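Let me begin by presenting the structure, written as structure tokens, before commenting on it.
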Amino acid sequence: MIRRAIIVLAAVLIVSAECTSGETITVPLPEVVGPNIVLWEERTASFDLGAPLAYVGEVRIKLSGTFYPGLGYDLCNPEVYFDLSAYLWSYMFASESPLCWWDIETDYFNSPRSFSVEQPFRWFYRSKCREPSWDFLLDGQAEVTVIVDALIPATVVIIEWPSADISDAYLIIEGALKLSSPNGGESLPAGSTHSINWTDFRSDGNCPGDYLLDYSADNGQNWIPVDSNSVSNTCSYDWLVPSINSDQSLIRIIDADDPNISDTSDAAFTIYECTLKTDLTGDCVVNFLDFAALMDEWLKCGNPFDPNCFQ
Ligand SMILES: [Ca+2]
Ligand SMILES: [Ca+2]
């Protein structure tokens, strides 16, 4: 038997966004917070982005907090579900797969369990500004509903209902293009090859368009082309990492046909030049593996034209 609690989030937020924006927008939902939110308690939340979105790419919700299993109902590990819905409530239950659906394990014997989950809507969407579907986001306004479900064995005597404290909740709205790598925090050796990866949500995650790639070594103040040509019909590019030292590096991808559609690494990453002469394995660390590589070729001669050379 599935019981449902609807936590309706009461918050009106103004978040700056432009119709042409292709960047990720993160909407905090602060009114989710509340100790011991009892299942079936209902609250609501709406927010205003301040402007319509140009495109709605992937939408994710991120929740963290603590789940309290309650007393007396836990013969087996309970399952808890979180769902996100807005005006899509009826759609969610009519569809084969819910928009967001998490299992969060809890302990036997009623130990609280903290959780942190992030899930996308299972719905890719392609739409231009002001087109009707996904109205609630394209109009810049939305209402969010979070549901806490628990599977409770019907035969168990319940002394205390399970409850939840959702301490943080965010709605994360991606634009049409989403750069996934490098997306911040990476450490890339100069001269190595790194795969730049992205998703184009206008085409179910495929990438049929033409894209321009740039990198920055100064956190976005200046941009240098990764390739002088646009890259077409692909979601990845093998990038020869330039010979620079910078911990303020970013990658940017732009739709070659619409410069308003773009995405940038969410945070800076590092490019470093390795100056160690005896790093034979290319990992910029000199250790036993390099010594082993040296010993493997000890006294070998590599000149095939030298008669005195022994292989
Ligand atoms: Ca980004
Ligand atoms: Ca090494």
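A few comments on the model shown:
- Interchain or long-range residues, amide H under 5 Å from Val56's placed H: Ser127
- Globularity ratio of segment 177-272, using Cα Rg and 2.2 N^0.38 Å: 1.00
Bear in mind that the values in this text are calculations on the coordinates, not laboratory data. What you see is a predicted model, and the numbers here were worked out from it, not measured in a lab.
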